[in-house]
Amino acid sequence: MDKIIVLYGLPCTGKTTILDFLAVAKSCNIIHIDNIWMSKFEKPTFSVEEGRIVFEELVNRLIDLISNKKRLIFIEGIFASKYRLEKLQEISKKFDYEFSSILLFNEFENLIKLNNERNKNIENKITNDTLAFLNSKFESQMFCNMSINTGKIPIKQAVNIIDNYLQYGKKIYR
């Protein structure tokens, strides 16, 4: 069965790094929500209105990939509402795709340290105030098929866990 997998979490939890590994191994299609934010807004404020516009574009890109018969689609980004995950699940069902969501998380203090390191190397910086704001809005206990604390295990192990989940439909730890 074709699959749509949402990999979500706050900035600096390893979403993009994990998908970089999986993209090579799985020949999957990836929709990066960060890329949509940056293409739509020069300096995003992560407002409700911006979120609505970004989500609308995400849905359009997803339907385009489904229309082109893509079998494995990853959506990567920050999801701060259960409603949006439920909408993606509805789209998956409508087009007969299996839907899974995987939450990546880390302790907030670790995220601040990682964010400060990351900001040294990227142009589109996320301020610690923005990270704190996103953390306050984040519903970490949303419905998800799996959650991984990337602060407790190496990224390669997280990749293996997700890869096994894709193959066998359950968590298999090595």
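The values are calculated or read from the model by the stated rules, or taken from the named source; none is laboratory data. Here the structure is a predicted model, which means the values were calculated and not measured. Positions of Cβ are generated from backbone atoms using ideal geometry, with glycine treated the same way; all protein chains shown enter the neighbour counts.
The one condition from (1) at pLDDT 80 or above; (2) under 15 Å from Tyr8 (Cα atoms) that Phe143 does not meet is (1).
Might you let me know whether segment 87-96 holds any residue that is of a type in the set (S, T, N, Q) and crowded, with 20+ Cβ neighbours inside 10 Å? Yes; the residues of segment 87-96 include at least one that is of a type in the set (S, T, N, Q) and crowded, with 20+ Cβ neighbours inside 10 Å.
For segment 94-108, name all the residues that are touching a strand residue (DSSP E or B) at 6+ places or on another chain (Cβ under 7 Å) and either part of a helix (DSSP H, G or I) or farther than 15 Å from Leu65 by Cα (or both).
Ser100, Ser101, Ile102, Leu103, Leu104, Phe105, Asn106
The single condition among (1) in contact (Cβ under 8 Å) with a residue 24 or more places away in the chain; (2) within 25 Å of Ile148 (Cβ to Cβ); (3) touching a helix residue (DSSP H, G or I) at 6+ places or on another chain (Cβ under 7 Å) that Phe95 does not satisfy is (2).
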